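The values are calculated or read from the model by the stated rules, or taken from the named source; none is laboratory data. Predicted model, so just to flag it, every value in this text is computed and none were measured. As a convention, Cβ positions derive from the backbone with ideal geometry for all residues, glycine included, and neighbour counts pool all protein chains shown. These accessible areas exclude ligands, DNA and RNA; they are computed on the full protein's heavy atoms, side chains included. Shrake-Rupley method; radii C 1.70, N 1.55, O 1.52, S 1.80 Å.
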Amino acid sequence: MVNTKVCTKLLALAGFSVAASTVMVSAHGDMPVVEYEKFTLDNGLRVILSVDTSAPVVATFVHYHVGSKNERPDRTGFAHFFEHLMFEGTKHIPRNTVDKLVQGAGGRLNAYTTFDETGYQIEVPKNELKLALWIESERMLHAVINETGVETQRAVVKEERKSRLDNQPYGSILENVAKYVGAGTPYEWTPIGSAQYIDQATIEEFRQFYKQFYVPNNAVLALVGDIDIEETKKLVKAYFDEIPRGAEVKQPDFTFDIGKNAVEEEIVEEQTPLPALIYAWRTPQQSHPDSYALQLLTTVLAQGESSRLYRTMVDEKQLALQATSFPFSLEKGGLFAMLAISRSPAQSLDELAEELDAIIEKVRGEGITDQEFQRARNQIETQYANSFNSVVEKARALAHAEAYYADPGRINTEIDRLMAVRKEDIQRVANAYLTTENLVVLKYTLPNR
Amino acid sequence: MPLYLVQHDAQSLLTLRIVLRSGARDDGEFPGLADMTCDLLSTGAGERNAITFARDVELFGADLGTAAGRDEIRLELGVLSRFFPSAVTLAADMVFRPRFAPEETERERKLKLAIIKQNRSDPDWLAITTLRKLIYGPTPYGHPIDGDERSVRSITTKDCQTFHAATFVPDNGFFVLAGNMREKEAIQLLEEKFYGWPGSGFSLARSPLMPVRDRPRIVIVHRPGSAHNAIRIGRLGVARGDADFTTLRLLNTLFGDYFNSRLNTLLRESMGYTYDAWSNMEGTLDPGLFAIGTSVRGDRVGKTIKAIFRELDRIASEPVSLQELDIVKGYISGRQVLASETPEQIADMVTTIALHNLPHDYYSRTIEHIQSLTPEELLGVGSRYMRSDEMTIVVAGDAGALQPQLEEFGKVEIVDSRLGCIRPRYLLSHHF
């Protein structure tokens, strides 16, 4: 147990003297190395337990290996729709009470859907661990999928799409980037999907999807917090052992070739306030060694005000309101994108393009400086030190590492892989992936008003 | 200047926060002044210009910045503990020796104007900004923290320098240091770096601000062809120090501030009208804004507002059930546990306690208070603060479709996204 103490001092500033000290509250934090225990139930559910006594709290995270890439092209949005349905209720949990149970116990819960996975997290005071396990086992064993729930969530998901995408400036960026960078693969549509497919689908199709993917052999349960390992093992068995194993889940088999994929598209939307330019390239999957060098590259290009994109485009030349870069690492492929939003409606996108081209050319031709390299490493180390601050973040990271690498311990060595990237690797990956043959250009221009 | 230490030895990071008891509420006639001043502090200090300053901060992998809130300014440095002694020098430079180079003011000004322009295309921003303006008028809580075009165009470097000189003084704030440190060394280091910080005889000659006491209004912010409609409904709430604050906070949670709230259950789960519906209560030094928000399709706006009004009237006239009350009590108490996991979270609690001059055991007292509240006490507060006929309504969307639906609730005013013609009808009093 790590102690945190809070006390009050008066600093001896300008004649003040050091004064009283009062202990007020206590709290605790993360460990440098995350230790864990892993076991597999007979039904194939992989379980990871990790003790963290920082606070009297426990987090459960259930990772289902199903995301938008597991969907049929004519049934996009299914995985995300399911994330919503799983809050509707189960055989023993009446409709609209999952949240009440958790929140009434002083906990919180959330869920998300990506291209590769659907994740469910619950955090509760430690004496409510059974509640979290019961809810997750109910959801895995017998979620109720009926007309009422489906109708309600159809409406909610449509509203989510409207408020998050259709009505937001540049809300369609991810959809458009995916469409062109992921063309020809299951990464060409996004988790939110298209509303008409959810409308077209029958109840039977939803039940089939549940039966196919929400099975223990397609899931990882991670549990982190103030727990007793042996007792928790017994509890996990009591709640999950009886859930029957499902048919083997086949993940989509495709390659994400880095080839000639160049496209240029103009996008005109009513809500676009200022012209914007997006460059995006295909990059390798998250397990590929180059994905680490690409992370450092994006740090050099876009993290902070001394980064190349900010310094040149926002600060010195004042062409852009915002200029950033982000890598997207997925199970079967990745993307690297740059985004610049014009400073004014009249600002030509050609000027922004010229600048972006020059920045890319420079990093490809000359690489990065020693100082930039050092800065990127320190920034990455700081991020890493920040990343396991809470039990739920730890649980998510452990489940993720188990699901994709069959090795939860990988979370302790991820920093080593980042620190092993050499300066010349960064120039190398820029040359390998940020090519004109592989470049997708999206131009958000202003509507005629 | 007081220093609060949050010692936490299993972390490799250290966070230093300097909190000053001045904020956007002190902008005076220049909305956005505190915010602009804060932004300029990062654009060069001591021997470094904007570029070399950012470069040297980031070389340590550190985050160093200043931000203005309504009641306070926070300077925050987050860095790996081993770099703290070097990075803290840069923080001290920001406090003592900011450059305030005029060319940086121009750069920031342009950037801010572009951001404000971008905000004006965001229906949520338009709706909440309008609501705030209607409730507070030209009083210190009435404008967006980052100001408006008129003001941002007119703020000078000199204004920012003066604001900095008046507010960045040791008798106007406190330090919070949280994370992995050796206590003695840390104190010694801060004393060394901040030694000789001159006081100013600064005193907070501040009368409580008196917002507009106006009849509720109904305003449409016209966005031609808007695909979606942002609804904001609200009124004046209470100050954090008010005797009703904790009771109202519990009521607000029950009503709209957690997933199972009445509002979200009705509009999202039962009616399927929206992705989320919420209510929020600010915990500011003077009475903050109580606001309800959601987004719905154009033809459902009238029905949505009716549903929200029915829920408000229910809160204002019927006692809540013990069962529902227990769920909310459990939720708030548990949240408290979950919110004290990291040193940064503890630092936040310490900041609130110090800023509002609250007792050291404020958080545990609040939980005890919440556990003791009865349906009758809640009804008393609900009937005073949550009546639908005292709420102002703002909707950002296409006026063509909205106007007939809103006229059911009273006289409708329509403005465009510049919000230029929004003025409170009269002011009772305004001291500042």
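Please count how many residues of segment B:227-257 are within 23 Å of residue B:322 (Cβ to Cβ) and open to solvent by less than 20 Å² (accessible area, probe 1.4 Å).
Filtering segment B:227-257 down to residues within 23 Å of residue B:322 (Cβ to Cβ) leaves B:244-257.
If we keep only those that are open to solvent by less than 20 Å² (accessible area, probe 1.4 Å) as well, we get B:245-248, B:250-256.
Residues in segment B:227-257 being within 23 Å of residue B:322 (Cβ to Cβ) and open to solvent by less than 20 Å² (accessible area, probe 1.4 Å): 11 in total.
Every condition in (1) of a type in the set (Ser, Thr, Tyr); (2) over 17 Å from residue A:297 (Cβ atoms); (3) at pLDDT 95 or above is met by residue A:413 except one, and the failing one is (3).
For segment B:235-274, a residue qualifies if it is of a type in the set (Lys, Arg) and either away from every other protein chain (no Cβ under 13 Å) or free of Cβ contacts under 8 Å to residues at least 40 places away in the same chain (or both), and the qualifying residues are B:235, B:240, B:249, B:268.
Out of B:320, B:301, one residue alone is β-branched (Val, Ile, Thr), more than 7 Å from chain A (Cβ to nearest Cβ) and in contact with a Pro (Cβ under 8 Å, 6 or more places away or on another chain). It is B:320.
Would you mention how many residues in segment B:92-127 are of a type outside the set (S, T, N, Q) and facing chain A (nearest Cβ under 9 Å)? Summing the residues that are of a type outside the set (S, T, N, Q) and facing chain A (nearest Cβ under 9 Å) in segment B:92-127 gives 10. Evaluation of residue A:260 against the conditions (1) more than 25 Å from residue A:185 (Cβ to Cβ); (2) among the charged types (D, E, K, R); (3) touching an Asp or Glu at 6+ places or on another chain (Cβ under 6 Å) shows that the sole unmet condition is (1). Among the candidates A:289, A:252, single out the residue that is within 24 Å of the chain's Cα centre (by Cα), open to solvent by less than 60 Å² (accessible area, probe 1.4 Å) and farther than 24 Å from residue A:356 by Cβ. Only one candidate passes the filter, namely A:252. Just to be sure before I move on: is residue A:388 open to solvent by 20 Å² or more (accessible area, probe 1.4 Å), outside the structural domain of residue A:178 (by TED's automatic domain parsing), of a type in the set (A, V, I, L, M, F, W, C) and assigned to a helix (DSSP H, G or I) in the structure I sent? When the stated conditions are applied, residue A:388 does not pass them.
Among all positions in segment B:27-37, there is at least one residue which is small (Gly, Ala, Ser) and open to solvent by less than 10 Å² (accessible area, probe 1.4 Å). If you go through segment B:49-91 and keep only what is within 11 Å of another protein chain (Cβ to nearest Cβ), open to solvent by 20 Å² or more (accessible area, probe 1.4 Å), of a type in the set (A, V, I, L, M, F, W, C) and in contact (Cβ under 8 Å) with a residue 12 or more places away in the chain, you end up with B:60, B:64, B:83. Within segment B:331-383, the set of residues being open to solvent by 20 Å² or more (accessible area, probe 1.4 Å), within 9 Å of another protein chain (Cβ to nearest Cβ) and in contact with a Pro (Cβ under 9 Å, 6 or more places away or on another chain) comprises B:333, B:337. Among the numbered conditions (1) in a helix (DSSP H, G or I); (2) without any contact (Cβ under 8 Å) to a residue 40 or more places away in the chain; (3) surrounded by 23 or more Cβ atoms within 10 Å (Cβ to Cβ); (4) of a type in the set (Ser, Thr, Tyr), the only one that residue B:304 does not meet is (2). Residues in segment B:384-406 that are within 14 Å of chain A (Cβ to nearest Cβ) and open to solvent by less than 10 Å² (accessible area, probe 1.4 Å): B:395, B:396, B:397.
Among the residues of segment B:149-165, write down those that are of a type in the set (A, V, I, L, M, F, W, C) and in contact with a Leu (Cβ under 7 Å, 6 or more places away or on another chain).
Once the filter is applied, which keeps residues that are of a type in the set (A, V, I, L, M, F, W, C) and in contact with a Leu (Cβ under 7 Å, 6 or more places away or on another chain), segment B:149-165 yields B:152, B:155, B:160, B:163.
Of the residues in segment A:382-405, how many are among the aliphatic types (A, V, I, L, M) and more than 11 Å from chain B (Cβ to nearest Cβ)? Residues meeting the conditions: 6.
Among the residues of segment A:416-449, those that are among the aliphatic types (A, V, I, L, M), in a loop (DSSP other than H, G, I, E, B) and farther than 30 Å from residue B:224 by Cβ comprise A:420, A:421, A:434, A:439.
So that you can scan it fast, the table gives a plain yes or no per residue for (1) touching a residue at least 60 places away in the same chain (Cβ under 8 Å); (2) within 24 Å of residue A:333 (Cα to Cα); (3) open to solvent by 10 Å² or more (accessible area, probe 1.4 Å):
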{"site": "A:364", "(1), (2), (3)": "yes, yes, yes"}
{"site": "A:371", "(1), (2), (3)": "no, no, yes"}
{"site": "A:413", "(1), (2), (3)": "no, yes, yes"}
{"site": "A:417", "(1), (2), (3)": "yes, yes, yes"}
{"site": "A:422", "(1), (2), (3)": "no, yes, yes"}
{"site": "A:438", "(1), (2), (3)": "yes, yes, no"}
{"site": "A:442", "(1), (2), (3)": "yes, yes, no"}
{"site": "A:445", "(1), (2), (3)": "yes, no, yes"}
